[in-house]
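Heads up, the thing below is written out as structure tokens.
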Amino acid sequence: MLKIVVCVSGGGTNLQAIMDAIADGKITNTEILAVISNNAGAKALERARDRGICDICISPKSYPDRESFNQAFTDKVKELAPDIVVLAGFLVRIPPQMVQAFSNRIINIHPSLIPSFCGVGYYGLKVHEKVLERGVKVTGATVHFVNEGMDEGPIIAQKPVMIEPDDTPEILQRRVMEQAEWILLPQAIDDIANNRLEIRDNHVFRR
Ligand code: GRF
């Protein structure tokens, strides 16, 4: 059984997709140990509580400096002892000591086709604003392992989504979620839970 901790900051629609996929048997051999948020008001925490899943709030704002938050957050996750950590719309930079402790065991969903529209400053709606500003015709989403860089770890899966003529950032964000994120992230978890992936030379392969 793959034990996962899901980290969230906002709406939690990706968390919902994971919980639904577990309930429907689309993700097998997987159990959510806890949902962690940096934001006590996150709707995602409500979604977790509705399913009877342990919800934890831990925010940098409650610590005197970043280093003490980083240590407390890492200790909390270590205490839960998951096999993998899933970042599902988590807006906090993962502490270096956590990346080390969970090497190739943290995955993230990013709402663009990496390496386009990613890195510092590319999060949430901003990604879709930049996509529309640039006028690209195709965008999408990426699931990747997390390393020390920003959106730089080995890519697990990607899915393209077409831009439509009258798109606004909000409309595009919703389409990327519906057509890519809510499909890709549960699939990646199921692949890991069922031992279908391996990493060689920083690249992910299907067994
Ligand atoms: C998603 O678009 C995710 O890719 C991005 O933040 C958004 C989170 O949405 N990193 P939700 O909280 O899962 O609804």
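The values are calculated or read from the model by the stated rules, or taken from the named source; none is laboratory data. Being a predicted model, the structure only gives us computed values, none of them experimental. When we count neighbours, we look across all protein chains shown, and the Cβ atoms used for this are built from the backbone with ideal geometry, even at glycine. What goes into the accessible areas is simple: the full protein's heavy atoms, side chains included, and nothing from ligands, DNA or RNA. Shrake-Rupley method; radii C 1.70, N 1.55, O 1.52, S 1.80 Å.
For segment 81-89, the Karplus equation 6.51 cos²θ - 1.76 cosθ + 1.60, evaluated at θ = phi - 60°, returns couplings of 6, x, 6, 9, 10, 10, 8, 10, x Hz by residue, with Gly and Pro reported as x.
Derived value for segment 1-65: Kirkwood hydrodynamic radius 12.2 Å. Basis is the mean of 1/r over every pair of different alpha-carbon atoms. Rounded to the nearest 500, the 222 nm mean residue ellipticity of the chain from helices alone is -10000 deg cm²/dmol, with -39,500 (n - 2.57) taken per DSSP H run of at least 4 residues. Residue 130 contributes an accessible area of around 80 Å² to the protein surface, as traced by a 1.4 Å probe with all chains present. Only lysines eight or more places from residue 137 in sequence, or on another chain, were considered; those with a Cα closer than 24 Å are 126, 159. Here segment 53-77 and segment 139-207 have alpha carbon centers that stand 26 Å from each other. Surface analysis of the chain yields an accessible area of 49 Å² per residue, using protein heavy atoms and a 1.4 Å probe. Figure note: 206, 174 ranked by solvent-accessible area, largest first, 1.4 Å probe, ligands and nucleic acids not counted: 206, 174. Here the chain carries DSSP beta bridges of which approximately 45% are antiparallel, counting only pairs with both residues inside. Among the GluC sites (Glu not before Pro) in segment 123-157, those located in a DSSP loop and surrounded by at most 13 other Cβ atoms within 10 Å of their own Cβ are 148.
Straight-line cross-link reach from residue 3 at under 21 Å between alpha-carbon atoms covers these lysines, not counting any fewer than eight positions away in the same chain: 26, 76, 78.
What part of the accessible area of the chain, given as a whole %, is carbon or sulfur when the probe is 1.4 angstrom? Using a 1.4 Å probe with all protein chains present, the chain comes out at 48 percent carbon and sulfur.
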